[in-house]
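Here the structure is laid out as structure tokens; the discussion comes afterwards.
Read-outs: derived from the displayed coordinates by stated rules, not from any lab. What you see is a predicted model, and the numbers here were worked out from it, not measured in a lab. Here Cβ is always computed from backbone atoms with ideal geometry, including for glycine, and neighbour counts include all displayed protein chains.
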Amino acid sequence: MNFDLSDYLDDLRRHHPEELVEINAPVERDYTITACALELEREGRYPALLFNNVAGSPMPVLSNLFASRRRIALLLNLDERDLVEGWIRLSQRRVPPVPSREAPVQEQIFTGDQIDLGRYPIPIHFEVDAGQYITGGVVLSRDPDTGVGNLSYARMQLIGPAAFGVSLHSRGDLWDSHRRAALQGRPLEVAVLIGPHPAIALAAADRIPPDDDELAMAGGLMGAPVPVVPACTVDLHVPAYTQMVIEGVIENAANVDEGPFGEYTGYASGRSTRNVLRVTAVTHRRHAIFQDVVPGASAEHLTLSKIPRVARVFHQLKQAIPEVVAINYPMSGTHFHCYVSMNKTMEGLPKRAALLLFGLDMFAKLVIVVDDDIDVYDEKEVLWALATRFQADKDLFVVPGVLANVLDPTTENGLSAKMGLDATLPLNAREQRLSISPAVRAAVDRLLQDELPSAIISRFASGEPE
Ligand SMILES: Cc1cc2nc3c(=O)[nH]c(=O)nc-3n(C[C@H](O)[C@H](O)[C@H](O)COP(=O)(O)O)c2cc1C
């Protein structure tokens, strides 16, 4: 079994070269890495990016690894079309970590005065950002009461040679562990994993109950236990094949200036819990790769956080309403818009599905429900359904003043209106959607494949404009 990010990248190089773009030209550490990913994204391309020559550091920087659903499906040995259902299946398995005899992540160890975070390629991503940020750090910790392990994410602003300002604003398990440790008068010990196996990074993005260990979930996703070794300066066990680990404590007091930082809404946010992470050791492989996650409303940030969320919402929605066929949170709506398709059997069912979704997902603000002939991953189809199957006086409802995500700049005191749109055909509708039969489509595909290149050549030859 492969536990190593570099082996995984080798695998991409060998079997899916289109999924990994290596950039050997010298690049600046700041802005460029983010800009490359976002420019490619504008062209509809989402390759993982490996920058082998980043100014100021010998470490290569990997970015955009999680920008594509296809790559995540490949990693989990799933068909892209089966990603949501496959995730629901795989994410329920638990394989606890095992002790490792090898510790490549500790090939180099820096403690005390030897720690100098300034020598690692921690980028500034956007001009409005307050500084250099680690965005892809997976924060490993243990529940201060039960000792159960936890994986999470928190943006980390470099504020000194051995210190970060961090924000735990999602108020998930990491925030709660820190809160309870502080009540006991203790700081929370953490180990930040940079460049773990991608399954570990995916498990960290999920929100599972605090008595359930995400490292065991990562083992379930990989189908093999994660090998771990004791950390050097904190009482934690870290995945042995991670590229780099930053050990330290999140202090009790929360009083540091942190942010603003480019958030998934597409705006900079200064909201912060203002915590300090004091670093006690940095360990890494001799030839470590530094992993960055493209922040802001990027495909990578949104895809990484959406995979587990979509799976959880879909699973719960489908349990209550089996007629639900698929859901998609389109990139255009960041975490706030959701498209649902269903095999409608009763009038009113689409509105019930939308209401349920709002109950399940605090972030959702707009839900559009369509029939199951509409592909929810094709925004053009969803908008066509809205154009031809929706009347605003009866197919729209608004629920005002519902608890929502505070990073949405339009919320007031954390409250938002929720809007549901039923863009399904009435059950007694007589309109027939235009379509082309699969047989004709296949025949035409063959015809175009054979004829199109020569047709284009003859058009050029005759001097016709393109
Ligand atoms: C790439 C990425 C960055 C994130 N950054 C932050 C952050 O800076 N602060 C925060 O509170 N939540 C952040 N989150 C959200 C939480 O980390 C996420 O909800 C996580 O699953 C919470 O896990 P926990 O409940 O185990 O703490 C981020 C999520 C992702 C995927």
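Order by neighbour count: Phe66, Phe397, Phe390, Phe290, fewest other Cβ atoms within 10 Å first, most last.
Details: Phe66 29, Phe397 14, Phe390 18, Phe290 24.
With the sparsest Cβ surroundings first, the list reads Phe397, Phe390, Phe290, Phe66.
Sort Trp87, Trp384, Trp175 so that the residue with the fewest other Cβ atoms within 10 Å of its own Cβ comes first and the one with the most comes last.
Trp384, Trp175, Trp87
How high is the relative contact order of the chain? Use alpha-carbon pairs under 8 Å, at least six apart in sequence, and give a whole percent. Walk me through the intermediate numbers first.
Numbers: 969 pairs, mean separation 66.6, N = 466.
Reported relative contact order: 14 percent.
In square nanometres and to one decimal, what's the mean projected area of the convex hull around the Cα atoms of segment 161-301?
Values: hull surface 37.1 nm².
If you wrap the Cα atoms of segment 161-301 in a convex hull and average its projections, you get 9.3 nm².
Could you give me the ³J(HN,Hα) list for segment 389-405, computed from phi with Karplus coefficients 6.51, -1.76, 1.60 and θ = phi - 60°, whole Hz, x at Gly and Pro?
With coefficients 6.51, -1.76 and 1.60, one gets 10, 9, 10, 4, 6, 10, 9, 10, 9, 10, 10, x, x, 9, 4, 9, 7 Hz.
Across the chain, how many lysine pairs separated by 8 or more positions, or lying on different chains, have Cα atoms within less than 19 Å?
Eligible lysine pairs with Cα atoms under 19 Å apart amount to 11.
Nearest 500 deg cm²/dmol is fine: what mean residue ellipticity at 222 nm does the chain get from its DSSP H runs of n ≥ 4 alone, each adding -39,500 (n - 2.57), divided by its residue count?
Numbers: 12 runs with 137 residues, N = 466.
Mean residue ellipticity, 222 nm, calculated: -9000 deg cm²/dmol.
Of all beta bridges DSSP finds with both residues in the chain, what is the antiparallel percent, to the nearest 5? Before the final figure, lay out each step's value.
Details: 56 of 76 bridges.
DSSP beta bridges in the chain are roughly 75 percent antiparallel.
What percentages, rounded to whole numbers, describe P(r) for segment 321-423 computed over all alpha carbon pairs with 5 Å bin width beginning at zero?
Final binned percentages: 2, 14, 25, 25, 19, 10, 4, 1.
Compute the whole-percent fraction of alpha carbon pairs in the chain spaced more than 29 Å apart. If you can, show how the numbers build up before the last one.
Values: 57086 of 108345 pairs.
The proportion of pairs with Cα distances above 29 Å equals 53 percent.
Neighbouring Cβ atoms within 10 Å as the yardstick, rank Lys365, Lys351 fewest first. Write out the running numbers ahead of the final one.
On the way: Lys365 23, Lys351 18.
Going from least to most buried by this count: Lys351, Lys365.
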